[in-house]
Amino acid sequence: MEQDRAGGFWRKTSIRYTIFIYFTVSALVAILLIGVALYVQMSRQLTAAVQEENQAVLGQVSRSVDSYLRTIMKLSDSLYYGVIKNADLSEESINSRITLLYDNNKDSVANIALLGKDGELLEAVPAARLKTGLDVTKEEWFGNTLSRTDNLHFTTPHVQYIFDNSENQYRWVVTLTRAVEITRGTSTDQGILLIDIRYSSLTQILENITLGNEGYLYMIDSGGELICHPKMQLIGTGQMEENLSAASGYRDGSYLEEYNGERRKVSVKSVGYTGWKLLSVTPERGLSLSNLKMRLFAVFVVAAFLFLLVLINAFISSRITNPIQELEKSVNAIEAGELDTQVYMGGSYEIRHLGRSIGDMARRIQALMEDIVAEHENKRKREFDTLQSQINPHFLYNTLDIIVWMIENEQKQEAVKVVTALARFFRISLSRGKSIITVRDELEHVRNYLMIQQMRFKNKFTYVIDAGEDVMNLASLKLMLQPLVENAIYHGMEFMDGDGRIEVVSWKEDGNLWFEVRDNGLGMTRDQLESLLGDRPHVSSRRGSGIGVKNVNERIRLYFGEDYGLSIQSEPDEGTVIRIRLPEQVYGETGSDSA
């Protein structure tokens, strides 16, 4: 019963009070055993700890500043290589794409601008104009940027003075500039990409950082000009001085200096690409508790105390860290992608609560990922369905032209056949908004298309459609065969010397539904085959439907899975065979009958 009560007590006691109780007992024992004898030793250890902590803080802040600046540099790379370099400014505006990147980084970026080498403002986000009477070409940063085109250039903090915008006036910024290549029609020229970094977002990294008792951090540029300082206003008004001349000459490392009659420890850390230096300053008097010297107690008393302290701390650390280690294993499993991992929920109240929170978070992440995947798939379906619903104006115009010509030449029966085929062609293309139709309708759709094209090309080719009755009621993707047949006509038959032949065959085998589109046209080279189904984006022919072979393959995989799609065999002057693999599913049972 007493053990149950004790166990219940520890389960209800928070980690804060557990640590408080254990370390209070340890401290009382230590005070009784050694007292004043450890004071000097603690002072020495504190000095070393403060110095080590200062180095760690300096390194951490340096990494934070470097990471922050690299984020801004990556933004400049995205603007240059992803927007400016690929755009023709004589034909298009890149304002919307710059705005998108600005919106994603507006917490740290005040302005983004693109300037010509003559100082003309080409783009600015947020919308702004250059201040009246300001010639930016005479600014020092403008000339430096154009003369050293391979570098990124950072200015010291200053009030934004370039743009005439009430929202941006009296705002402190650090400006990043880089030379860029601007395309206008067939000519290219130099320009400057300018990004104003919010000074406040940079100073936040250095805020509320203390070093020892009286230490502080500040940052200078390569020329010794102040960038950030916790007492910037006092320095600006002359009420405080800083040893900037000596600091600008320091390299990475630690130095002892005497300034204004005070000895202090200075540590220096360079910040990445910029040439900026981060310095920590700690007065020597802040590195120790006292200069008093004390004698140690007898070695036996110290040894006995250390032995007892080791035992107590071993018990404390195991009591505290074991549940944390178990929780860490669960977190590592989640980090590795196993979101359904059972999270450890033992130990003190805080650790159990943390375990429950991590488990809930993992489940929410898993649900959100599933929602994102489903939304992305639905979006792709909508994009493909919108693409397939487009009607080729050239095809419609030429077909109507054929009908007019037949009527004028009193070929009424032939005109009726073409009109009927065209009506059936569009009826199946609409299919009441459905993306999945029967094989019968898909073959009827391509048959009507081939009949119209045969009359249009004046019987330059013949065609055969062969499929058994056993496949007619199976499910097929709408508008799947017509782009392949269209490709065979325009790229395989149009420039042939002899008669062309197109065969469309369908059959089922081993749980799969197969289609083949064969032609005896000009065939394709290996590079042409790779462009059809490879990673390069498809560019539709001016005379084609715009859907393309690659998009047909992607639509099949989107609706039926990665195991299905197209395969192509072709040799120059020997024709082309395109084979389609679909699952053998009866129409109406596929679950994807609607668009």
Exercise for review: Filter the cross-link list Lys85/Lys131; Lys85/Lys117; Lys85/Lys106 down to pairs whose alpha-carbon distance in this structure exceeds 18 Å.
Suggested key: Lys85/Lys131; Lys85/Lys106
Check your understanding: DSSP beta bridges in the range 76-205, what fraction antiparallel, as a percent rounded to 5?
Key -> 95
Check your understanding: Just how far, in whole angstrom, is the range 442-476 from the range 516-533 if you go by their alpha carbon centroids?
Key -> 20
Review point. Which distance in nm do the two modelled labels at Ser248 and Glu574 give, with both placed 7 Å along the Cα-to-Cβ direction?
Key: 7.5
Point to revise | Those chymotrypsin sites (Phe, Trp or Tyr not before Pro) in the range 114-164 that DSSP places in a loop and that have at most 16 other beta carbons within 10 Å | key: Tyr161
Review point. To the nearest 20 debye, what is the magnitude of the charge dipole of the range 100-190 about its Cα centre, counting +1 on the Cβ of each Lys and Arg and -1 on the Cβ of each Asp and Glu?
Key: 100
Point to revise | Volume per residue of the C-alpha convex hull in the range 118-259, rounded to whole Å³ | key: 161
Review point. Could you give the distance between the Cα centres of the range 95-131 and the range 212-282, to the whole Å?
Key: 33
Review point. If the cut-off is a Cα-Cα distance under 17 Å, which lysines reach Lys417, setting aside same-chain residues fewer than 8 apart in sequence?
Key: Lys458
Practice item. Compute, for Asp466, the solvent-accessible surface of its heavy atoms (probe 1.4 Å) with the complete set of protein chains present, and express it in square angstrom to the nearest 10. Key: 90
Review point. For Glu571, which sequence-distant residues (separation of 5 or more, or a different chain) have an amide H within less than 5 Å of its own amide H, given hydrogens modelled in the peptide plane?
Key: Met524
Review point. Which cross-chain or sequence-distant (5 or more) residues have an amide H under 5 Å from the amide H of Met472, H modelled 1.01 Å from N in plane?
Key: none
Practice item. Just flag the GluC sites (Glu not before Pro) in the range 106-177 sitting in loop per DSSP whose Cβ has no more than 15 other Cβ atoms within 10 Å. Key: Glu120
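The values are calculated or read from the model by the stated rules, or taken from the named source; none is laboratory data. A quick note: this is a predicted structure, and the numbers were derived from the prediction, not measured. Cβ: placed from backbone, ideal geometry, glycine included. Neighbour counts: every protein chain shown. For the accessible areas, the whole protein counts, side chains as well, though only heavy atoms, and no ligand, DNA or RNA atoms are used. Shrake-Rupley method; radii C 1.70, N 1.55, O 1.52, S 1.80 Å.
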